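First comes the structure, then the notes that go with it.
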Amino acid sequence: MHESFNESTEMYLKTIRELSIHNDLIPISALARRLEVSTVSATEMVHRLEEQNLVEHTPYKGVQLTDNGCQHAAEIIRSHRLWERFLVDHLGIGWSRVHDVACRLEHATDVEVSEALDDFLGHPAACPHGNPIPQAGSVLRTVVDTTLNELEQGQRCEIIRVHPESTLLLEYLESKNIKPGQKVMIDEIAPFNGPIMISIGEKQQALGQEVATHIFVQPLEG
């Protein structure tokens, strides 16, 4: 286990980092929604993390990780994504099911085990959902890319990653065969925040705007 931190602390650090793009302030209400706890509970935990020099809290604005918190969050995320890679590649567990399993394993994995797992896997660059695996001893680098809902009608793209992950989201995307590596055409964008019509190969389907914000893509020419 990551030394001196319990599972609840690790989940908060990991979630703050996942919600942050440019180390910006994350509202405690958003943190509470993601963790499915009350805002009061989240506020109490944030104060405890602040006492441990893991986060900085700006009243009425939000919370961000300290350098120390970023380092610990990267260790947890590294463990999580390595386990996802192992579960898919070597145990054959479904792409949409490994997130929850890896969430449990990450808290029981110390750094030595993570390094052995990384060696065994051949130092993979990304998890099965396309998200980069931090290198040992480093912080998680910020990835600035485009989400599906930012594209315009008629544009083509390739799906790069799905983030932040949840089993519900992954199961939904798997049912529509929407995964990293797939080429997508934006056929139509309904007005008033309506659905986005996309084509993958010969199949057309609708995606809600909220789902599209979790799908990161690389726009393609032509």
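The values are calculated or read from the model by the stated rules, or taken from the named source; none is laboratory data. In this text, all values refer to a predicted model and were calculated from it rather than measured experimentally. A quick note on method: Cβ atoms are made from the backbone with ideal geometry, for glycine too, and the neighbour counts reach across all protein chains shown.
Which one is surrounded by the most Cβ atoms within 10 Å (Cβ to Cβ) among residues in the range 38-65 that are under 20 Å from the mean Cα position of the chain (by Cα) and farther than 25 Å from residue 108 by Cβ?
63
Could you list all residues from the range 58-71 that are part of a helix (DSSP H, G or I) and in contact with a Lys or Arg (Cβ under 9 Å, 6 or more places away or on another chain)? Write out each step before concluding.
Of the residues in the range 58-71, the ones part of a helix (DSSP H, G or I) are 67-71.
Correct list: 69, 70.
Please determine, by comparing only the residues of the range 183-221 that are touching a strand residue (DSSP E or B) at 6+ places or on another chain (Cβ under 7 Å) and in a loop (DSSP other than H, G, I, E, B), which one is surrounded by the fewest Cβ atoms within 10 Å (Cβ to Cβ).
213
So, in the range 140-170, exactly how many residues are under 18 Å from residue 34 (Cβ atoms), surrounded by fewer than 18 Cβ atoms within 10 Å (Cβ to Cβ) and not aliphatic (A, V, I, L, M)?
Counting residues in the range 140-170 that are under 18 Å from residue 34 (Cβ atoms), surrounded by fewer than 18 Cβ atoms within 10 Å (Cβ to Cβ) and not aliphatic (A, V, I, L, M) gives 4.
With respect to the numbered conditions (1) in a helix (DSSP H, G or I); (2) surrounded by fewer than 21 Cβ atoms within 10 Å (Cβ to Cβ); (3) in contact with a strand residue (DSSP E or B) (Cβ under 8 Å, 6 or more places away or on another chain), which one is the sole condition not fulfilled by residue 81?
(2)
If a residue must be in contact (Cβ under 8 Å) with a residue 40 or more places away in the chain and surrounded by 12 or more Cβ atoms within 10 Å (Cβ to Cβ), how many such residues does the range 22-37 contain?
Within the range 22-37, residues that are in contact (Cβ under 8 Å) with a residue 40 or more places away in the chain and surrounded by 12 or more Cβ atoms within 10 Å (Cβ to Cβ) number 2.
Checking the conditions here, which among 173, 117 is outside the structural domain of residue 96 (by TED's automatic domain parsing), within 16 Å of residue 84 (Cβ to Cβ) and crowded, with 16+ Cβ neighbours inside 10 Å?
Values: 117 fails: outside the structural domain of residue 96 (by TED's automatic domain parsing).
Step by step, each of 173, 117 is checked, and only 173 is outside the structural domain of residue 96 (by TED's automatic domain parsing), within 16 Å of residue 84 (Cβ to Cβ) and crowded, with 16+ Cβ neighbours inside 10 Å.
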